[in-house]
Amino acid sequence: MNPILRNVLVVIAGWLGGSIVNMGLIKTGNKLFPIEGIDANSMTALAEIMPNLEPKYFLFPFLAHALGTLIGAVVAGFIAVNNKMKFSLAIGGLFLLGGIAVNYMLPGPTWFAVVDILLAYIPMAWIGGKIALKGSKTN
């Protein structure tokens, strides 16, 4: 397969795999910790209530961001022929950009934004890259 095409597919597969995990955990969190009187699909309603929510409501969003990034990075790292860590970190960068956008669109407590941006993306992508490297025994 053409290396450029394969690299594009690596990024798409990592992004798609991580996104599926992310959305699954968000939906699970919405079922386990429903916010009474709020449509969880309404960005406007969520933006209004986010700063006043208890910490328990931020557990699943953090897990979704961290584990989605981790799985996406592992998928990308395993599929990449070489530069596995670079592709894993690229997935982390993509998810980080999405995380920054979400934290901007749905401004929650500052503590959550800091923890989310600092811990859920690049560190998880690095761990995912390490997992992929260990599993494949190549660069």
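Each value in this text was obtained by applying a stated rule to the coordinates, not by laboratory testing. None of these values were measured; they are calculated from a predicted model. In this analysis, Cβ positions are derived from the backbone assuming ideal geometry, glycine residues included, and neighbour counts consider all displayed protein chains.
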**Request:** Enter the angle in degrees (range 0 to 90, nearest 10) between the Cα long axis of helix 122-136 and the first principal axis of the Cα atoms of the chain, meaning the one along which they spread out most.
**Result:** 30
**Asked** Taking the Cα atoms only, what angle lies between the long axis of helix 84-105 and the longest principal axis of the chain, rounded to 10 degrees?
**Response** 20
**Request:** Using θ = phi - 60° and the Karplus relation 6.51 cos²θ - 1.76 cosθ + 1.60, list the HN-Hα couplings for region 68-78 in order, rounded to whole Hz, with x at every Gly or Pro.
**Result:** x, 5, 4, 5, x, 5, 5, 4, 4, x, 5
**Nearest-ten-degree value, helix 3-32 long axis tilted from longest Cα axis of the chain** = 30
**Asked** Where Rh denotes the Kirkwood radius from the mean inverse Cα pair distance, what is Rg over Rh for region 5-80?
**Response** 1.11
**Request:** With viscosity set to 1.567 mPa s and temperature to 4 °C, compute the Stokes-Einstein D of region 3-136, Rh being the Kirkwood radius across alpha carbon pairs; µm²/s, no decimals.
**Result:** 86
**Request:** Choose one of 101, 124, 32: the residue whose Cα lies farthest towards the positive end of the charge dipole of region 3-136 (beta-carbon charges +1 Lys, Arg; -1 Asp, Glu; about the Cα centre).
**Result:** 124
**Asked** Within the chain, what is the number of lysine pairs with alpha carbons under 29 Å apart, leaving out pairs fewer than eight places apart on the same chain?
**Response** 9
**Stretchable slack from residue 130 to residue 81, in nm (0.36 nm times residue separation minus alpha-carbon distance)** = 16.2 nm
